[in-house]
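Please find one structure pasted underneath; my questions will follow.
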Amino acid sequence: MNGSSVNLAGGSHLQAYKMHQLQTILDYTIQQKSVEDRETEKLKSRLDTVISLKDKANRELRSDLSSLEDELVETKMEREYLRTQWIEASVAKEQASTKMQELQQKLSAAQQELGALREQNELAAQRVAAARG
């Protein structure tokens, strides 16, 4: 009996040792899990920050895009207005040029008629002078 009590005591000691080893492994595992959880939380926090920054940048980009689209529409309208103005100015210039040519032709004709009338007047004056003379 004495031998079996030593055996039981030795078995109890071995069991306690194994329990201690298991507790140490469990404590280490819990500690590692805690470290991993903290790292995971840090990564989640960083990811949330990145997502927040991305969302803010996307909102700003959408706003900038909307502003650029508005400016593009305004620019196109202004370009169309200026094109219309340019066409109207070109037409007015062409009309003025045509009118100027017509007036120059009338002036030229009037100057020729004036020259002819002066010549006739000169001839008439010469005839009157010859008739008097």
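The values are calculated or read from the model by the stated rules, or taken from the named source; none is laboratory data. The structure presented is a predicted model; accordingly, all values stated were derived computationally and were not measured. As a convention, Cβ positions derive from the backbone with ideal geometry for all residues, glycine included, and neighbour counts pool all protein chains shown. These accessible areas exclude ligands, DNA and RNA; they are computed on the full protein's heavy atoms, side chains included. Shrake-Rupley method; radii C 1.70, N 1.55, O 1.52, S 1.80 Å.
For residue 33, go through the aspartates and glutamates and keep the ones whose alpha-carbon is under 13 Å away, minus same-chain ones fewer than eight residues off.
Within the straight-line limit of under 13 Å, residue 33 reaches these aspartates and glutamates: 41.
While we're here: Which of 120, 75, 20 sits closest to the plus end of the dipole of the chain, meaning its Cα is farthest towards the positive end, when Lys and Arg get +1 and Asp and Glu get -1 on the C-beta?
120
In the set [x] 24, 20, 13; [y] 29, 18, 11; [z] 124, 10, 7, which value of semi-axes √(5λ) of the Cα gyration tensor in Å was calculated from the structure you see?
Calculated semi-axes √(5λ) of the Cα gyration tensor in Å: the matching label is [z].
Could you tell me how many degrees, from 0 to 90 and to the nearest 10, lie between the Cα long axis of helix 2-132 and the main elongation axis, the longest principal axis, of the Cα atoms of the chain?
0
How high is the FRET efficiency from residue 97 to residue 77, r the C-beta distance, R0 35 Å, rounded to 0.05?
The value I calculate is 0.70.
May I ask you to give the percent of accessible area on the chain that is carbon plus sulfur, with a probe radius of 1.4 Å?
58
Moving on to the next point. Straight distance only, please: which aspartates and glutamates reach the Cα of residue 54 with their own Cα at less than 12 Å, same-chain residues fewer than 8 apart left out?
Within reach: none.
Also, quick follow-up: What distance in nm separates the simple spin-label points at residue 55 and residue 84, each placed 7 Å from Cα in the Cβ direction?
It is 4.5 nm.
What lysines could a cross-link reach from residue 106, if we take a straight Cα to Cα line under 27 Å and drop same-chain neighbours fewer than 8 places away?
By straight Cα distance, residue 106 reaches 93.
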